[in-house]
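Take a look at the structure set out below.
The values are calculated or read from the model by the stated rules, or taken from the named source; none is laboratory data. On a predicted model such as this, the values are computed, not experimentally measured, just so you know. Note: ideal-geometry Cβ built from the backbone for every residue, glycine included; neighbour counts use all protein chains shown.
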């Protein structure tokens, strides 16, 4: 609005200018809005399609891995007692394992000491794990048992040995207890003391008593058997007993046998095949959503997906589906249907779990040849998709073009706003000039009427 207008003429100039400006602006603005909405919808739809394609390509890459078919799995029939892993060089086989005892670390203790014990002199405590190299710990004169414990823990923090204090409430006597996570026979923790600190010594040749330091619980080896052969291990992680297989002993039960089965990693392959099928089905679901037309009521405008009739979608799906039904591989696995994977009426894939399991059990290597390698299904499918979805590919170029369109729409809006602003100023100028002229003419008319009415001989009309 350009100030107070229409006073001279009595016309509503604001309304007149507003109507003229709206009539000029509305068609172009509506056109730009429709184009912007359509462009933004397409950009969003292409982004959704690219996300689904990326997930699909990830699944293709994971299954197109020869190492996946080289892996070996080791399964335990009772994971509460034992778990197992195998490297890819492990030989297939079945083993019966019994665990008599687990490997443990030691617990040793000093003799019983007064709770207010203090070191009479400064000295050194040397802590050893079995026959290993000793660790010297300096103890100051007058150090309490708590201070001795803290000094030991500070020095032994990376050794797997910790010191603690246990007090007998009935006597008030306290003992320094050394606990070790170093398992295996001969790994008991001992302490030798320099002169004046002998009361803190622990001799692992003896059991601990009230009067002498010694062993509370001795470190021991794990004892187990494989197929009836008695074996021992210093740790509960057993390597080398079965070539390229690691047994992790969890609990002991000498009366229970655990079956360890070493074979191809069929579970890992199955999981990746299902991941591929899920990714494909998600791609089909996504493209269906982006290309469908939904009727709304009898006379309603139908709702359309962002890529209805899009040639790129048709090309992508056509290429993928051609590869899915093409023949490849050998040795009994030449098509997806040989694995129990078939196309349903809705275009999605479904898996017959029993048929897939049988195919992996009987033709494991052939399944690998069907999926992997330059001529494998996964690589062929990826080649169909990659030209569309790669950086700088067809879909990325389309998105760039659409973004350029949106930038142009923004520029056109700015030009339209400038044109409307100029038009508004021009119309106000014209209407205000007209208003001023009308006011002048009205004033002149009133002056003439008054002047003429006061001339002699002029008869005024009487008002009744």
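For this structure, a couple of remarks:
- Beta carbons closer than 9 Å, at least 6 apart along the sequence or on distinct chains, never pair a first residue in the range 198-212 that is outside the structural domain of residue 134 (by TED's automatic domain parsing) and closer than 16 Å to residue 126 by Cβ with a second that is surrounded by 11 or more Cβ atoms within 10 Å (Cβ to Cβ) and at pLDDT below 95.
- Residue within the range 76-98 that is closer than 21 Å to residue 367 by Cα, buried (at least 19 other Cβ atoms within 10 Å of the Cβ) and in contact with a helix residue (DSSP H, G or I) (Cβ under 6 Å, 6 or more places away or on another chain) present: no
- Inter-residue pairs, beta-carbon under 6 Å, first crowded, with 21+ Cβ neighbours inside 10 Å and in the range 143-163, second modelled with pLDDT of 95 or more and in a helix (DSSP H, G or I), 6+ apart: 163/149; 163/152; 163/153
- When the criteria are applied in full, residue 195 meets the requirement of being surrounded by fewer than 16 Cβ atoms within 10 Å (Cβ to Cβ), part of a loop (DSSP other than H, G, I, E, B) and touching a residue at least 12 places away in the same chain (Cβ under 8 Å).
To keep it simple, each residue is scored yes or no on (1) under 30 Å from residue 43 (Cα atoms); (2) touching a helix residue (DSSP H, G or I) at 6+ places or on another chain (Cβ under 7 Å).
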| residue | (1), (2) |
| --- | --- |
| 302 | yes, no |
| 322 | yes, no |
| 331 | no, yes |
| 348 | yes, yes |
| 391 | yes, no |
| 394 | yes, yes |
| 401 | yes, no |
| 406 | yes, yes |
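- Taken together, 166, 113 contain a single residue that is crowded, with 17+ Cβ neighbours inside 10 Å and farther than 30 Å from residue 83 by Cα, which is 113.
- Residues (more than 17 Å from residue 62 (Cα to Cα) and either outside the structural domain of residue 323 (by TED's automatic domain parsing) or assigned to a loop (DSSP other than H, G, I, E, B) (or both)) located in the range 358-388: 363
- Residues in the range 349-370 that are touching a residue at least 40 places away in the same chain (Cβ under 8 Å) and closer than 12 Å to residue 270 by Cβ: 7 in all.
- Single condition residue 314 does not satisfy, out of (1) in contact with a strand residue (DSSP E or B) (Cβ under 8 Å, 6 or more places away or on another chain); (2) without any contact (Cβ under 8 Å) to a residue 24 or more places away in the chain; (3) assigned to a helix (DSSP H, G or I): (1)
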